[in-house]
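A short worksheet on the structure shown next.
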């Protein structure tokens, strides 16, 4: 890609259907709260943070898609 030559000729570019509107002002959602595994159930070096639900992940992504927006974002 850096040379301008398409070396991965087997790849197919696909249009992704998304509801993202780049011209819309972002919605100021609160940051998603990270859920942790209870201290008594933690063992060794396993992950202690639980994953976000799909709804929370989509909402978190919408919160972060406008880095160029100059308003104060919710922390």
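The values are calculated or read from the model by the stated rules, or taken from the named source; none is laboratory data. Source: prediction; values computed, not measured. Neighbour counts run over all protein chains shown; Cβ positions are idealised from the backbone, glycine included.
For the stretch 37-55, what are the residues that are surrounded by 10 or more Cβ atoms within 10 Å (Cβ to Cβ) and at pLDDT 90 or above?
37, 48, 50, 51, 52, 53
Looking across the stretch 23-50, the residues that are touching a residue at least 12 places away in the same chain (Cβ under 8 Å) and closer than 19 Å to residue 62 by Cα come down to 25, 26, 27, 28, 29, 30, 31, 32, 34. Could you tell me whether residue 34 is in a loop (DSSP other than H, G, I, E, B) and either surrounded by 10 or more Cβ atoms within 10 Å (Cβ to Cβ) or at pLDDT below 70 (or both)? So residue 34 fits the description; yes.
Candidates are the residues of the stretch 1-21 that are within 30 Å of residue 63 (Cα to Cα) and modelled with pLDDT of 75 or more; the one that is farthest from the chain's Cα centre (by Cα) is 12.
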